[in-house]
Amino acid sequence: MRSQALRSAAIRVGALRLMLLFALLLLAARAGQLTLVNTDGKLHGNRQIHARISVPSARGLILDRDRTELAISVDAPSIYVVPRLLEDRKRTSRELARILDLDRRQLGKRIEGHEGFTYVARWVTEKQAERIAALELQGVGIEYEPRRTYPAGSLAAPLIGFADIDGVGVRGVEQMLDGWLKGQPRVADVQRDARGRLLSSSPLDPRLAAGGDVVLSIDSGLQGQAEAALAEAVKASGAKGGVIISVDPKTGDVLALAEAPGFDPNRFRHMSYENTRSRSFLDMVEPGSTMKAFVVAAALDAGAISPEQTFDTGEGWMRVPGKTIRDHRPYGILDPAGVLTVSSNVGIVQIGQQLGPEAHYDALLRFGFGQPTGSGFPTESGGLVRDWQDWQPVDHATISFGQGISVTPMQLAMAVASLANGGERMRPRLVLARRRPMGEWEQSEPTSVGQAVSPETAASVIGMLEQVVSAQGTGRRAALANVRVAGKTGTAQKLDRAEGRYSQTRYTAWFFGIAPADDPRLAIVVALDEPQGTAHTGGAVAAPLFARVAAAQLAHQGILTQPEQIAARPLPTLMAEQEAPEPTEQEERDVQAVQEPTIESRTKAGATIATPIARTPEVAAVPDPPEVRQVPKVQETPRPKAEQPRHVASTSAVAKPPPVSAPPARSAVLQASHEIEALPAVFVPDFRGETVGAARSKAARESIDLHVLGVADGRVVEQSPAPGTILGGRERTVILSFATGRESG
Amino acid sequence: MSQSGSRKKAARKQTRGGGAAAVADADSLDGGVAFSAVVLISMGVVMSYSTTATLNLDASIPPLFAHHVSALLMGLAAAAAAAFLPTSVWRRLALPFWLFSLLLLVATHFFGVTVNGAQRWLELPALGFRFQPVELAKCATVLAVVAVIAQRDGHDELGGRRVMLSGALALPVVALLLMQPDLGNAVLLAALVALLQIVGGTKITRLILPALVGIVGIVLYILNNDYARRRVTGFMDPWERPLSEGFQLVQSFVAFGRGGLFGVGLGNGQQKLAYLPEAHTDFILSLVAEELGLIGVLVVLGGFAGLLVAGTRIATRCTDRFALLVAFGMTALLTVPAVVNASVVMGLLPTKGLTLPFLSYGRTSLIVCCFALGLLLGVARNDESPGKRGRHETGGGRWR
């Protein structure tokens, strides 16, 4: 039926069909091989898509004790490229460089160097991200990742620290609690498509991946006040920097931790890492005379001395093997309180010797020196206290007044707090509470690290330290109205590393205070690094700063007070009408105290004006009402009898360097005259007609203290001394009387 | 065996007599071809949705999927037209059809849209989409070559003149394709013409020289063309450069590897997420492998095997030379690209840019494939039972 040709065609068709079927069979085998046998593809595929990136979990919050946000996480856009997908590399890098303000050539290199997902710029602004999105460049994408921001800016920055661009805490609390704050960075099976986009927008409940929150012990308000006061003081004194640490002695809570210079953690990328350290925890500083308080406390506690015991500081110098220890001037016979009040080096060395090096060393350790405070602050320094067996006599002597020993401001603060806490030393509590995301707050309890001294000793030492903040003491500028303050000044010479000896021009000015002394709520340490000029001592610059900060913090706790101007004991006027009987030891101490060195030297002008000013009303230590008839408000009164000759001498003093072998007892004359030279004389400005604020600022410009008689309301109507009077030396107080606006009008 | 089978079928049809036309039409559908085609078209629809959905996540219905379905509807209309018109009509239309497609290719050369460095598309506002004349040209050229070869001149052997003539028909089309450039389709078309000539009765020896010339030409072309050379090196060792030359093939392997036996499940494929270039067009088989596994690939390959067997069975049963060649030509037009495409996807041939009939996204391709399918079914319907339908209908009795 069918033709031969048709049949042969059918045969050929059949042959070709067989060939094609064979090809299909081959393909089926190949498919089996690729799907079942060959695993290269599967591995490669898993690699490229399951690029197990760790989902950047948002860091937890850092809050202050009132739950104010100090560190939060927000989503910030980052720009990435997938160079493989770029259509026009030149144009892409040009456009990106333009919008992101980057170097075009560097950007080009970055793009050339990669094939896959590569960040171009991280944490760009929303505006930049929008502009880039508008370009619709192939292979360029925007990803939102959590960015750490610090809404309070530089507030408490050295304490809080910061997290770096990858969300790793590298300073401060951010570093200390990094594991808690970052939570669990789930290495989720997030998958990207080939363009680098995440395949699912939110693979996890972000709260599950998010870090925990923490509440710090600091109070933003107090912190801000302390920082402002510190910044002002640093500026006014020309200091390089400074620290204020305020601690609740009962709990060890750090209420405020101000450091200068500070930094803005939002701009950490523009900071050197070194400059973001916390000086309070990391810097080792010589504590100077502040150490004396702890030597006295240790000696009392060990029974090496008694509070009534006296020490003859003689002519204001003593020899220890290898060194002559000097006071600013002779103080004669002092009891322990007197040693602290006038900050006698000779006296404290004697006390230290009575205590003995081993007990001295042990006491320093009990107060927490020589080891980290246990705050947990990252890379916290332990200070430097050499082992007592290595101490030469001269070392022991200088360590007694804080030379040859290094402490961190935080160590000092906790040691002070232990005195204020009945001798029990607490661990600094930086963190009050923490919680997991969606969890409950877990409080952290105050932790005691041990008893430094007995409660009795602590109370006794605080009583002595109150005298430091009296008219006779070096710390009188730390006084507060209606609140008893205990404290201690310190002026540490800084070690001049280049010359290998202590500098004569660079100091650390210290003050620590406890307020109220009868019911301690605050232990505050103030340090200023290299204050310039003559007012570089702890008593001159650190003590008033303490008063400002303490007043604000006490007000926060409901104790209304303000810094109080106390004139130094006005020796001359008191003395002028006094008999001069032989001073008792006790009297001698007081006299010496009044003659306190370095800062509070008398001057001619000072001698004429100073009227004793009311002080903290009750100091039981020195009851002698009959002697104080000229200064009726003053109950804490030194014996004035012995002072007269010295006053006479001092007012006529001629400046000379203090000789080592100065004439005994009366060498105070020369010492005082040395001090007189310290401040240039000024004319008393005319304050009349000024308001209190204007008067204060005017006085501040001339380094003049103001004392207000009566109510500081309205305008100045009277002043003493009169305008134009020459004021010299360090004691320059002008007394002002005000009339209210109504009266004067 | 097959002869007797067809007889039985014819007999069954006869006993039913001349019922309603629709019933007769349904009965006259070639079951094998229709079933295979339904399998392939269904796979195409499903995979088209799966792969194009990720290209536009905002749309509730992926626009490309809508295109695919609309093209399918047009294609089914074209298939119906091809099936119901007598084969003789197509014999008369073959050469004008070829001329028309040639003109379109020429137009493409001058006015075409360039995508990915090749000028292959023609913007036709009336159609509402970009038209790819090459698909039409392949079909039309096959049809024209069949028409030329079917003229027998009374000899058993295909005369040299007709071989030359059929070659001459293919030559301008191949040349135009090379100019686009579209080496893959050019080679495919040349191969299809050669197959038709072989089936038509050409001595194999006659084809050796052109084949040699073609092979040498291809080698020279590849050596002198960076793009082509990279594709070949990428094919030779894709793992050597998995991020550049070998990228596409490696990604295809990834899809196969991920798929395993049963696949990751429909819609779960990841290679379509911009990893595999041309995932929804040339490399759709990779995605079948990834989402449906080896089973899915075997279904697709089986579909083409079924089409091949059923289509060639239609050809071998034809009593009309033209019908035989049309049946074979259309079968080859649908299955040879499938074999080539699958080989490319599985790394057995260098990347060509050939679509997988019925599955790949591409409206022109889908419509033309449906049309070819329609022709095949039409041949089966018209030529299966020559006794009943009569010679005059096929109009090919001259060379019996």
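The values are calculated or read from the model by the stated rules, or taken from the named source; none is laboratory data. This one's a predicted model, so the numbers in the text were calculated from it and none came from an experiment. Virtual Cβ from ideal backbone geometry, glycine too; neighbours counted across all protein chains shown.
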- Task: Give the range A:27-39 a look and list any residue that's facing chain B (nearest Cβ under 8 Å) and either in contact (Cβ under 8 Å) with a residue 12 or more places away in the chain or of a type in the set (A, V, I, L, M, F, W, C) (or both), or say none.
- Result: A:Leu27, A:Ala28, A:Ala31, A:Leu34, A:Leu36
- Flagged in the range B:249-286 as closer than 16 Å to B:Leu354 by Cα and buried (at least 24 other Cβ atoms within 10 Å of the Cβ), in numbering order, are B:Leu249, B:Ser252, B:Leu276, B:Ala279, B:His280, B:Asp282, B:Phe283, B:Ile284, B:Leu285, B:Ser286
- Item | Breaking point among (1) within 24 Å of A:Glu442 (Cα to Cα); (2) surrounded by 14 or more Cβ atoms within 10 Å (Cβ to Cβ), for A:Gly179 | (2)
- Where B:Thr202 falls short, out of the listed (1) at pLDDT below 85; (2) surrounded by fewer than 21 Cβ atoms within 10 Å (Cβ to Cβ); (3) within 11 Å of chain A (Cβ to nearest Cβ): (2)
- Query: Filter the range A:78-94 for residues that are in contact with a Ser or Thr (Cβ under 8 Å, 6 or more places away or on another chain) and not aliphatic (A, V, I, L, M); which is farthest from the other protein chains (Cβ to nearest Cβ)?
  - Reply: A:Tyr80
- What number of residues within the range B:339-377 satisfy the criterion of being in contact with a helix residue (DSSP H, G or I) (Cβ under 6 Å, 6 or more places away or on another chain), within 14 Å of another protein chain (Cβ to nearest Cβ) and assigned to a helix (DSSP H, G or I)? 4
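Can you find a residue that is in a helix (DSSP H, G or I) and out of contact with any Cys (no Cβ under 8 Å at 6 or more places or on another chain) anywhere in the range B:258-269?
Yes, some residue in the range B:258-269 is in a helix (DSSP H, G or I) and out of contact with any Cys (no Cβ under 8 Å at 6 or more places or on another chain).
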- Message: For the range A:255-275, which positions are under 27 Å from A:Arg506 (Cα atoms) and surrounded by 19 or more Cβ atoms within 10 Å (Cβ to Cβ)?
- Response: A:Ala256, A:Leu257, A:Ala258, A:Glu259, A:Ala260, A:Gly262, A:Phe263
- Query: Inside the range A:122-158, can you point out the residues that are closer than 30 Å to A:Ala229 by Cα and either in contact with a Gly (Cβ under 7 Å, 6 or more places away or on another chain) or aromatic (Phe, Trp, Tyr) (or both)?
  - Reply: A:Arg148, A:Tyr150, A:Ser154, A:Leu155, A:Ala157, A:Pro158
- Evaluation of B:Asp320 against (1) closer than 16 Å to B:Asp30 by Cβ; (2) modelled with pLDDT under 90; (3) surrounded by fewer than 22 Cβ atoms within 10 Å (Cβ to Cβ) (one fails), failing number: (3)
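Every residue, every condition in (1) more than 16 Å from A:Gly161 (Cβ to Cβ); (2) free of Cβ contacts under 8 Å to residues at least 60 places away in the same chain; (3) touching a Lys or Arg at 6+ places or on another chain (Cβ under 7 Å); (4) not acidic (Asp, Glu), yes or no:
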residue	(1), (2), (3), (4)
A:Gln225	yes, no, no, yes
A:Val234	yes, no, no, yes
A:Val247	yes, no, no, yes
A:Glu259	no, no, yes, no
A:Phe281	no, no, no, yes
- Query: Does B:Ala211 count as more than 10 Å from chain A (Cβ to nearest Cβ) and in a helix (DSSP H, G or I)?
  - Reply: yes
- Task: Answer yes if at least one residue in the range B:87-105 is touching a Phe, Trp or Tyr at 6+ places or on another chain (Cβ under 8 Å), farther than 23 Å from B:Val288 by Cβ and charged (D, E, K, R), and no otherwise.
- Result: yes
- Looking at (1) crowded, with 22+ Cβ neighbours inside 10 Å; (2) under 24 Å from A:Ala417 (Cα atoms); (3) in contact with a Pro (Cβ under 8 Å, 6 or more places away or on another chain); (4) not hydrophobic (A, V, I, L, M, F, W, C), which is the only condition A:Gly316 fails? (2)
- Query: Considering the range A:13-24 alone, what residues qualify as being among the hydrophobic types (A, V, I, L, M, F, W, C) and either more than 24 Å from B:Ser343 (Cα to Cα) or within 7 Å of chain B (Cβ to nearest Cβ) (or both)?
  - Reply: A:Val13, A:Leu16, A:Leu20, A:Leu21, A:Ala23, A:Leu24
- Note on the structure: Sole miss for B:Asp282 among (1) of a type in the set (Asp, Glu); (2) in contact with a Lys or Arg (Cβ under 7 Å, 6 or more places away or on another chain); (3) in a loop (DSSP other than H, G, I, E, B) is condition (2)
- Message: Is it the case, given these coordinates, that A:Glu69 is surrounded by fewer than 19 Cβ atoms within 10 Å (Cβ to Cβ) and within 30 Å of A:Ala157 (Cβ to Cβ)?
- Response: yes
- Query: In the range A:495-517, is there at least one residue being basic (Lys, Arg) and not in a loop (DSSP other than H, G, I, E, B)?
  - Reply: yes
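To keep it simple, each residue is scored yes or no on (1) at pLDDT 90 or above; (2) more than 7 Å from every other protein chain (Cβ to nearest Cβ); (3) in contact with a Gly (Cβ under 7 Å, 6 or more places away or on another chain).
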{"position": "B:Gly260", "(1), (2), (3)": "no, no, yes"}
{"position": "B:Val264", "(1), (2), (3)": "no, yes, no"}
{"position": "B:Asn268", "(1), (2), (3)": "no, yes, no"}
{"position": "B:Tyr275", "(1), (2), (3)": "no, no, no"}
{"position": "B:His280", "(1), (2), (3)": "no, yes, no"}
{"position": "B:Val288", "(1), (2), (3)": "yes, yes, yes"}
{"position": "B:Val297", "(1), (2), (3)": "yes, no, no"}
- What pairs come up if the first residue lies in the range A:291-312 and is within 18 Å of A:Ser454 (Cβ to Cβ), the second is assigned to a loop (DSSP other than H, G, I, E, B) and among the β-branched types (Val, Ile, Thr), and their beta carbons are under 8 Å apart, counting only those six or more places apart or on different chains? A:Val296/A:Ile305; A:Ala297/A:Val453; A:Ala298/A:Val453; A:Ala299/A:Ile305; A:Leu300/A:Val453; A:Asp301/A:Val453
- Item | Residue count, the range A:134-165 (criterion: under 25 Å from A:Asp283 (Cα atoms) and assigned to a loop (DSSP other than H, G, I, E, B)) | 9
- Any idea which of A:Ala293, A:Ala228, A:Ala260 is closer than 30 Å to A:Arg548 by Cα and out of contact with any strand residue (DSSP E or B) (no Cβ under 6 Å at 6 or more places or on another chain)? A:Ala228
- Out of curiosity, is A:Ala10 without any contact (Cβ under 8 Å) to a residue 40 or more places away in the chain, assigned to a helix (DSSP H, G or I) and more than 8 Å from every other protein chain (Cβ to nearest Cβ)? no
